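**Q** So that we are looking at the same thing, I have put the structure below in structure tokens.
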Amino acid sequence: MTRPSQPRIRSVITEDGITWDILAAEQTYVIVYKNRPISIRVDQPMNLRSGFKYKKMSYTNLATAENQCKKLNRIFDCADFTVKWI
């Protein structure tokens with residue numbers, strides 16, 4: 001099943017042929033920890049490009065936000081991560 005198409009607000013094609021579209025979003029979903037907005041960073045010292053990577057915490061698709069929330073609850077062994085909408 002395909003994702004429903006969102007209304008396009010503006011579109012531009014760059015010199016290298018890449019199309020950038022600004023799409024309207026009905027809602028924004030944010031992952032929170034104990035009802036507080038958060039940021040999560042991951043350090044992978046064994047990676048060739050070591051350093052911190054910051055995880056995305058806001059989504060325009062509810063299912064994606066819920067799946068990330070479940071993953072974080074599983075990783076941290078808790079049920080404190082939830083999804084809030086703006």
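The values are calculated or read from the model by the stated rules, or taken from the named source; none is laboratory data. Given the structure is predicted, the values throughout are model-derived calculations rather than measurements. Backbone-built Cβ (ideal geometry, glycine too); neighbour counts: all protein chains shown. Each accessible area value is taken on the protein alone, full model and side chains, heavy atoms only, with ligands, DNA and RNA left out. Shrake-Rupley method; radii C 1.70, N 1.55, O 1.52, S 1.80 Å.
**Q** Whole-Hz Karplus ³J(HN,Hα) for region 54-60, in order, using 6.51 cos²θ - 1.76 cosθ + 1.60 and θ = phi - 60°, x for Gly and Pro?
**A** Per-residue couplings from phi come out as 9, 8, 6, 10, 10, 9, 9 Hz.
**Q** When the Karplus curve 6.51 cos²θ - 1.76 cosθ + 1.60 is applied with θ = phi - 60°, which whole-Hz ³J(HN,Hα) does each residue of region 7-23 get, with x for Gly and Pro?
**A** Running phi through 6.51 cos²θ - 1.76 cosθ + 1.60 with θ = phi - 60° gives x, 8, 8, 7, 9, 9, 10, 7, 4, 8, x, 8, 9, 10, 10, 9, 10 Hz.
**Q** For the pair ALA25/ILE40, report the inter-label distance in nm, with labels modelled 7 Å from Cα in the Cβ direction.
**A** So the two model labels end up 1.7 nm from each other.
**Q** What does the accessible area per residue of region 30-86 come to in Å², with a 1.4 Å probe and no ligands, DNA or RNA counted? Write down the numbers at each step before the final one.
**A** Working: 4640 Å² over 57 residues.
Value for region 30-86: 81 Å² per residue.
**Q** Taking 0.36 nm per intervening residue step and subtracting the Cα-Cα distance, what contour gain separates ASP77 from SER11 on full extension?
**A** Numbers: separation 66, 0.36 × 66 = 23.76 nm, distance 4.24 nm.
Once the chain is fully extended between ASP77 and SER11, it gains 19.5 nm.
**Q** Ignoring any ligand, DNA or RNA, what whole percent of the accessible area of the chain comes from carbon and sulfur when the probe is 1.4 angstrom? Let's see the in-between values first.
**A** On the way: 4030 of 7610 Å².
Exposed carbon and sulfur together represent 53 percent of the surface.
**Q** Using Cα pairs closer than 8 Å and at least 6 residues apart in sequence, work out the relative contact order for the chain, in percent. Don't jump to the answer; show the numbers that get you there.
**A** Values: 118 pairs, mean separation 24.7, N = 86.
Taking the mean separation of contacting Cα pairs over the length of the chain, I get 29 percent.
**Q** Over the Cα atoms of the chain, what radius of gyration and what Dmax do you get, in Å?
**A** Both quantities, over Cα of the chain: 16.6, 48 Å.
**Q** From the phi angles alone, apply the Karplus equation (6.51, -1.76, 1.60; θ = phi - 60°) to region 67-81 and give each ³J(HN,Hα) in whole Hz, x where the residue is Gly or Pro.
**A** Calculated HN-Hα couplings, in order: 5, 5, 4, 4, 4, 5, 4, 5, 5, 8, 6, 8, 10, 8, 7 Hz.
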